[in-house]
Amino acid sequence: MNDIAKEGLVAVEAISAHVPFHALSHQVLADATGQDPDKFHRGLGCSRMAICHPTQDAVTMAADAGETLLERWKVDPDDIGMLIVATESGVDWAKPIAIYIHQMLGISPNCRIFDVQHACFGASAALAMSVGWIRSGMSGGKKAMVIATDIARYEVGSAGEPTQGAGAVAMVVGEGSGGVLFPDFSSQAIYARNVMDFWRPGFCNSALVNGKYSVECYLKALSETYAHYRRSGGESYRQLKYLLFHFPFTRIGWKALVMMADVEAQISGDVASEEELLGIYDEKVKPGTTGAREIGNVYCASLYLALASLLEAEKDCAAGEKIGMFSYGSGSCAEFFTAMVGSRREIWEGKIGLLGGISRRENIDYETYLDFRKHSARLYQDNSFRIGDVPLGNKLPPDAHHLFLGYRNMKRIYIPGPAMRVCLSRKIRTGALPPVE
Ligand code: COA
């Protein structure tokens, strides 16, 4: 670990998650489609997946994660000097979704605003960029906000369907010793290769995926980055207290651990038995899987949802420990890096909002899931916006801060949601907002 990170000068100072209000259980999906629930529960390691209400999109989820962060961590929006949104659910080929979020959060105009895109790798690129921005002195004492937000959506009936999900994670990166996480990207364990494992042409609403090939590409990238990290002097996976992965589905964590053990055997001759690996999985990998098991794939946010899961589930054990993190984005780019968890767990206690977000949800039936999809597709047509018309308003998430109501004259229309209406102070700060175009 380099000196600045060791001294705790650049840190993730705050992290909060947004969990969509609605969920579809894999048991319901299996019953409705005549599939074996064990395939989902054991084969993929999934229990439920988050389903976005038609009025919720990558923008509203990101804004909700940002709202939670600003409120719970008492971050002043005027202190944010750079806002990066990492997403592969962009809504426009020119206008970044970050600029909607900039307005919704009431961040000062004196701020760099942009989206980054590289499939599920985007948030790690944004985090590394933010750490570098602060370390270089360019930030002038300001903080960076990184928000990872995505909707994982595949065709109905496809192999990818049970690995859907949605959500957002917001983080603030700044100088200061009182951080939650001190990431260290210095080993440069990065691997990039042009592959067609997963992509979404601009005219498609759902992703196209060569699923099994994407798992191969993921594991190949892990073996390359972990080998690079070890050869540049990094600790072995046994020495790292926890291992967090990009989790398109939870079961990939087991495949990833086996791959790391294989690489380790080649590098150091340390061979682990299957029984040993099962124990290591429970101890080091499983604590980071709650979000993926309950929410599904959240693309860019997936690795950071694993971080949120670990911090909430293992707050006593994780504090002060070194962890390994693997980020993979299809297409592809991947990085293996380490991070020190902050030593004072009281810093993040009660502020992340992941487990609370999971437990407050409403389960929907299969017909409602199909209805949500149908209405979401309708909102992507021009002049779909009708004043006073909230699609499926009877199922509106009661705690949404913002609602997407479709297009009017080729512009997206956002209005304050039920939670924003009762939140007077923020309403005043953001100028009451109706509607954002
Ligand atoms: N009980 C228990 N396990 C079962 C089962 C049952 N009844 N039926 C199948 N399984 C297991 C299979 O053995 C397999 O396990 P394994 O991979 O350890 O061998 C697993 O469930 C998946 O089933 P399988 O039929 O092999 O694959 P699939 O056609 O369902 O596709 C994905 C799986 C991940 C490729 C597919 O969900 C997908 O395309 N997802 C989107 C892309 C993605 O997530 N990529 C990851 C890298 S980014």
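The values are calculated or read from the model by the stated rules, or taken from the named source; none is laboratory data. These numbers come from a predicted model, not from an experiment. So basically every Cβ, Gly included, is an ideal-geometry build from the backbone, and we count neighbours across all protein chains shown. Note: accessible area is taken over every heavy atom of the protein model, side chains too, but ligands, DNA and RNA are not part of it. Shrake-Rupley method; radii C 1.70, N 1.55, O 1.52, S 1.80 Å.
I'd like the residue in segment 142-157 that is open to solvent by 40 Å² or more (accessible area, probe 1.4 Å) and either in a strand (DSSP E or B) or among the small types (Gly, Ala, Ser) (or both) and, out of all such residues, is nearest to the ligand (Cβ to nearest atom). Of everything passing the filter in segment 142-157, Gly157 is nearest to the ligand (Cβ to nearest atom).
Would you pick out the residues in segment 95-136 that are in contact (Cβ under 8 Å) with a residue 60 or more places away in the chain and over 18 Å from Asp57 (Cα atoms)?
Applying the first criterion (in contact (Cβ under 8 Å) with a residue 60 or more places away in the chain) to segment 95-136 yields 100, 103-106, 118-125, 127-128, 131, 134-135.
The answer is Gly106, His118, Phe121, Ser124, Ala125, Leu127, Ala128, Val131, Ile134, Arg135.
Being under 24 Å from Arg48 (Cβ atoms), touching a Pro at 6+ places or on another chain (Cβ under 8 Å) and outside any loop (DSSP other than H, G, I, E, B) is a property that holds for Leu310. The test for being open to solvent by less than 10 Å² (accessible area, probe 1.4 Å), in contact with a strand residue (DSSP E or B) (Cβ under 7 Å, 6 or more places away or on another chain) and under 18 Å from Pro20 (Cα atoms) holds for Gly165.
Looking across segment 251-295, the residues that are part of a loop (DSSP other than H, G, I, E, B) and open to solvent by 10 Å² or more (accessible area, probe 1.4 Å) come down to Arg251, Gly269, Asp270, Val271, Ala272, Ser273.
Taken over segment 114-136, the criterion of being open to solvent by 20 Å² or more (accessible area, probe 1.4 Å), among the polar types (S, T, N, Q) and either part of a helix (DSSP H, G or I) or within 16 Å of the ligand (Cβ to nearest atom) (or both) is satisfied by Gln117 alone. Scanning segment 183-200 for residues that are within 16 Å of the ligand (Cβ to nearest atom) and open to solvent by 30 Å² or more (accessible area, probe 1.4 Å) turns up Tyr191, Ala192, Arg193, Asn194, Met196, Trp199, Arg200.
If we scan segment 50-59, do we find a residue that is in contact with a helix residue (DSSP H, G or I) (Cβ under 9 Å, 6 or more places away or on another chain), in a strand (DSSP E or B) and either within 28 Å of Phe203 (Cβ to Cβ) or open to solvent by less than 20 Å² (accessible area, probe 1.4 Å) (or both)? Within segment 50-59 (the criterion being in contact with a helix residue (DSSP H, G or I) (Cβ under 9 Å, 6 or more places away or on another chain), in a strand (DSSP E or B) and either within 28 Å of Phe203 (Cβ to Cβ) or open to solvent by less than 20 Å² (accessible area, probe 1.4 Å) (or both)), the answer is yes, since at least one residue qualifies. The single residue among Gly329, Gly353, Gly393 that is in contact with a Cys (Cβ under 7 Å, 6 or more places away or on another chain) and not polar (S, T, N, Q) turns out to be Gly329. For segment 81-110, the set of residues classified as farther than 21 Å from Pro416 by Cβ, crowded, with 18+ Cβ neighbours inside 10 Å, more than 16 Å from the chain's Cα centre (by Cα) and hydrophobic (A, V, I, L, M, F, W, C) consists of Met82 only. For the criterion of being within 16 Å of the ligand (Cβ to nearest atom), buried (at least 22 other Cβ atoms within 10 Å of the Cβ), within 21 Å of Gly45 (Cα to Cα) and among the β-branched types (Val, Ile, Thr), Val298 passes. Looking only at residues of segment 201-253 that are under 26 Å from Val91 (Cα atoms) and in contact with a Lys or Arg (Cβ under 6 Å, 6 or more places away or on another chain), we find that the one that is nearest to the ligand (Cβ to nearest atom) is Ala207. Residues that are out of contact with any strand residue (DSSP E or B) (no Cβ under 7 Å at 6 or more places or on another chain) and over 30 Å from Val263 (Cα atoms) are absent from segment 214-236.
Is it the case that His22 is away from the ligand (no atom under 16 Å from the Cβ) and open to solvent by less than 10 Å² (accessible area, probe 1.4 Å)? Taking the combined requirement at face value, the residue satisfies it.
Remark: Ser139 matches the filter, which requires a residue to be closer than 22 Å to Val10 by Cα, assigned to a loop (DSSP other than H, G, I, E, B), in contact (Cβ under 8 Å) with a residue 40 or more places away in the chain and away from the ligand (no atom under 16 Å from the Cβ). Residue count for segment 363-388 under the criterion of being over 23 Å from Gln35 (Cα atoms) and either among the charged types (D, E, K, R) or under 25 Å from the mean Cα position of the chain (by Cα) (or both): the result is 8. Taking (1) hydrophobic (A, V, I, L, M, F, W, C); (2) surrounded by fewer than 21 Cβ atoms within 10 Å (Cβ to Cβ); (3) modelled with pLDDT of 95 or more in turn, Leu9 satisfies each apart from (3).
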